[in-house]
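Have a look at the structure below, then the notes.
The values are calculated or read from the model by the stated rules, or taken from the named source; none is laboratory data. Everything numeric here is computed off the predicted structure, so don't read it as measured data. Here the Cβ positions follow ideal geometry from the backbone for every residue, glycine too, while neighbour counts run over all protein chains shown.
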Amino acid sequence: MNNTCGLSDLPDGHLLQPVWDHLRRRQELLLSPYLPASFALLAHLLFCAPFLALDVLGHCWPAVHRFRIAGSSTIPVCLRRWFDCFVRILLKYLTCVIPATALLQQFRTRRLPAVAPSCCQALWEIILCLLLFDTFFYFWHIIVHRVPWLYQWVHRTHHYNWDTFALVAQDASRTELLSLQILALSSAAVVGCHPLSEIFFHLLNTWLAVEDHCGYDLPWALHHFLPGVGGAPFHQLHHQKFRGNYAPYFKHWDQLCGTYLTEEVT
């Protein structure tokens, strides 16, 4: 009798086990204090690549312009702005975010359990992390907008980008970049999620931030399929009006607290 089985024969609790076993063989990398910030930067750059390609394509193929968000420039962002933004982000990560995050990680207990989470457990933990991060970010965002000196020294740099593009998601002051890293790590810590779930959360968190700032309302964007997700048009209004739509991904806090903006609001 053949005792081997494929992934399709594995119970739900074991579907992610091969992935987790593969990662656990690289424990030195996974437990490195430099990993979280370095991972966030690398993931951000990779997720920005398709939108860079769109901007390049848009200068040669005007049909791309129809996906630009109403109210933003109809002309794709030039490569010089992409390059300048990349240099600013890289310098801030190398000089502040990566070293500071590595220091904070020294105070965090890290362990790698042998068993992977079930698919249901991983999905539930990722959803909880996203909701918690969205909550933390919403109230942090309101504070840095409404306290003048915090806006000046923490958040103003991010709002130099009235007309957003994907890379802008991380174009912020050193303090803000470090704050967002802490909020993301704290969300995962409060939920107490499995390290594999945490990796998926950070990946999705980074993608949603890139999509929010991309400047395109693409037909396959998540906000067209998931109720309650704001998406790029939702966040672009915040950059244009410098108020409202403070939550990063979902609409519920802005709707509950009276800070929700639509295109009709002036």
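Taking D212 as meeting all but one of (1) closer than 24 Å to R66 by Cβ; (2) more than 15 Å from the chain's Cα centre (by Cα), write down the number of the exception.
Single failed check for D212: (2).
Only one residue in Q105, Q170, Q121 is out of contact with any strand residue (DSSP E or B) (no Cβ under 7 Å at 6 or more places or on another chain), touching a residue at least 40 places away in the same chain (Cβ under 8 Å), surrounded by 16 or more Cβ atoms within 10 Å (Cβ to Cβ) and under 20 Å from Y246 (Cβ atoms), so which one is that? It would help to see each step written out before you state the result.
Numbers: Q105 fails: under 20 Å from Y246 (Cβ atoms); Q121 fails: under 20 Å from Y246 (Cβ atoms).
The unique qualifying residue is Q170.
Of the residues that make up the range 83-96, is at least one of a type in the set (D, E, K, R), under 19 Å from A232 (Cα atoms) and either more than 21 Å from the chain's Cα centre (by Cα) or part of a helix (DSSP H, G or I) (or both)?
Within the range 83-96, the first condition is being of a type in the set (D, E, K, R), and the residues that meet it are 84, 88, 92.
Now drop any that are not under 19 Å from A232 (Cα atoms), which leaves none.
The answer is no; no qualifying residue exists.
For the range 23-43, which positions are part of a helix (DSSP H, G or I) and under 21 Å from the mean Cα position of the chain (by Cα)?
So in the range 23-43, the residues part of a helix (DSSP H, G or I) come out as 23-24, 27-30, 35-43.
Within the range 23-43, L30, L35, P36, A37, S38, F39, A40, L41, L42, A43 qualify.
Out of all the residues in the range 144-151, is one or more more than 26 Å from P33 (Cα to Cα) and not in a helix (DSSP H, G or I)? I'd like the intermediate steps shown before the answer.
Of the range 144-151, the ones more than 26 Å from P33 (Cα to Cα) are 144-151.
With not in a helix (DSSP H, G or I) added as a condition, the list becomes 147.
So far as the range 144-151 goes, yes, one or more of its residues are more than 26 Å from P33 (Cα to Cα) and not in a helix (DSSP H, G or I).
N205 passes all but one of (1) surrounded by fewer than 22 Cβ atoms within 10 Å (Cβ to Cβ); (2) touching a residue at least 40 places away in the same chain (Cβ under 8 Å); which number fails?
Here N205 meets the rest and fails (1).
If I filter the range 210-224 for residues that are in contact with a Gly (Cβ under 6 Å, 6 or more places away or on another chain) and assigned to a helix (DSSP H, G or I), do I get at least one hit? Please lay out each step first, then the result.
Step one: filter the range 210-224 for residues in contact with a Gly (Cβ under 6 Å, 6 or more places away or on another chain), giving 221, 223.
When the remaining residues are screened for being assigned to a helix (DSSP H, G or I), the result is 223.
Yes, the range 210-224 has at least one match.
Return the pairs, sorted by first residue and then second, in which the second residue is among the hydrophobic types (A, V, I, L, M, F, W, C) and in a helix (DSSP H, G or I), the first residue lies in the range 214-235 and is under 16 Å from Y260 (Cβ atoms) and in contact (Cβ under 8 Å) with a residue 12 or more places away in the chain, the beta carbons are less than 6 Å apart, and the residues are 6+ apart or on different chains.
Pairs that qualify, where the first residue is under 16 Å from Y260 (Cβ atoms) and in contact (Cβ under 8 Å) with a residue 12 or more places away in the chain and the partner is among the hydrophobic types (A, V, I, L, M, F, W, C) and in a helix (DSSP H, G or I), are V229/L222.
Hey, among L52, L46, which residue is at pLDDT 95 or above and outside any loop (DSSP other than H, G, I, E, B)? Give the derivation first.
Values: L52 fails: at pLDDT 95 or above.
When all the criteria are applied, what remains is L46.
What's the total number of residues in the range 21-37 that are closer than 14 Å to I98 by Cα and surrounded by fewer than 16 Cβ atoms within 10 Å (Cβ to Cβ)?
Within the range 21-37, residues that are closer than 14 Å to I98 by Cα and surrounded by fewer than 16 Cβ atoms within 10 Å (Cβ to Cβ) number 2.
Out of the residues in the range 57-82 meeting the condition of being out of contact with any Phe, Trp or Tyr (no Cβ under 7 Å at 6 or more places or on another chain), within 20 Å of P219 (Cβ to Cβ) and not in a loop (DSSP other than H, G, I, E, B), tell me which one is modelled with the highest pLDDT.
Out of the qualifying residues, it is L57.
Suppose the filter is among the hydroxyl-bearing types (S, T, Y) and surrounded by fewer than 18 Cβ atoms within 10 Å (Cβ to Cβ); does Y151 pass it?
yes
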